[in-house]
1. Kindly provide the set of residues from region 178-234 that are β-branched (Val, Ile, Thr), part of a loop (DSSP other than H, G, I, E, B) and free of Cβ contacts under 8 Å to residues at least 60 places away in the same chain, ordered by number.
2. For region 110-129, does any single residue satisfy the condition of being among the hydrophobic types (A, V, I, L, M, F, W, C), at pLDDT 90 or above and touching a Phe, Trp or Tyr at 6+ places or on another chain (Cβ under 6 Å)?
3. Among all residue pairs at least 6 apart or on different chains, which show Cβ distances below 8 Å where the first residue, located in region 102-121, is free of Cβ contacts under 8 Å to residues at least 40 places away in the same chain and closer than 22 Å to residue 139 by Cβ and the second is polar (S, T, N, Q) and outside any helix (DSSP H, G or I)?
4. State the number of residues belonging to region 172-193 that are aliphatic (A, V, I, L, M) and under 17 Å from residue 225 (Cβ atoms).
5. Kindly indicate the residue of region 189-219 that is closer than 16 Å to residue 171 by Cα and of a type in the set (A, V, I, L, M) and also nearest to the chain's Cα centre (by Cα) among those meeting that condition.
6. Just for helices (runs of 4 or more DSSP H) wholly inside region 41-151: which have at least 1 residues that are crowded, with 19+ Cβ neighbours inside 10 Å?
7. Of all residues being touching a residue at least 12 places away in the same chain (Cβ under 8 Å) and of a type in the set (Phe, Trp, Tyr) in region 122-163, which is farthest from residue 98 (Cα to Cα)? Just the residue, please.
8. Might you let me know whether region 94-105 holds any residue that is of a type in the set (S, T, N, Q) and assigned by TED's automatic domain parsing to the domain that holds residue 165?
Amino acid sequence: MYARVAQYIGDRAQFPDEKLAGLTELVDDEDVAKQILEASRSSMGMDISPVDLTNIDAFATRLISLATYRQNLYKYLEDKMAVVAPNLAALIGEVVAARLISHAGSLTNLAKCPASTVQILGAEKALFRALKTRGNTPKYGLIFHSSFIGRAAAKNKGRISRYLANKCSMAARIDSFADYTTTKYGERLRDQVEERLKFYDSGVAPAKNIDVMAEVAGVLRAEGVDVDGTKAAAAKAAARAEAAGAGGGVAAPATPGKKDKKKKKKKDKKRARDADEDVDMAPPKSAKKAKKDKKKKKKKSE
């Protein structure tokens, strides 16, 4: 706002009263605009030369363009995170969530990380330094930029960072593996962190996680969301049956499942073992024959 006002006013000696309406639109307050106008006329500073005024105008233009670019970039990040990881963004914010995903490599990699890894994600150098020197390990990494860590007392920062990392891990797994998009899980997880902060101050016990998850699942079912995946399974079965009907009533060969593959592997191993036993048992028989032949030769020689 300051850069826009400075660019709009320009040379204070040539600022007329007619521009007061435009200044009011910039600062969104008529009283503030009048104070700026009075200050520009009563100021005892020296006048600005045309060269300095040109440079100030160029700098203000550059600053305004950067601020506009930052707003557009943040808007893009909000839209992208609403599609990629809505629950994680609702829990800790779009910026911190995007940093976690970027550092992990992908949302799937972040979902595979345990909560202890999410807690110190971004503080690997400090962790290995502490392990090498046998010092204190870091309590938090990128999640330190979340507002929850700053609001906690100094003695509770480690505890709330561990709790927050646990919720971040859950939100990342929901976003990665769920077949539907929602922010209700992230909002309730954020409420749980708020309750945990109050618990550290007042001692009021927060709600249990299993009750919270069941509550959110019930709300989603009421809204018609396929939480259990039954609708998707029915749709796949119907599509399979339709494909079989289109193929002349002959169903497509089913792909072997994990159990069938395991049974096949066991059978192959058993066959290989039996073959090895047959091979191992063959030499003793030939040895017996060789001994018998030797005995016969000795008898004949005698």
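The values are calculated or read from the model by the stated rules, or taken from the named source; none is laboratory data. All values derive from a computational prediction rather than experimental measurement. Heads up, the Cβs are rebuilt from the backbone with ideal geometry, glycines too, and the neighbour counts pull from every protein chain shown.
1. Matches in region 178-234: 204, 225, 227.
2. no
3. 120/137
4. Looking only at that region, the number is 2.
5. So the residue we want is 189.
6. 50-84, 86-92, 94-104, 107-112, 115-119, 147-151
7. 163
8. So the first thing to find is which residues in region 94-105 are of a type in the set (S, T, N, Q), and the list is 102.
Right, trim to assigned by TED's automatic domain parsing to the domain that holds residue 165 and you get 102.
Taking every residue of region 94-105 in turn, at least one turns out to be of a type in the set (S, T, N, Q) and assigned by TED's automatic domain parsing to the domain that holds residue 165.
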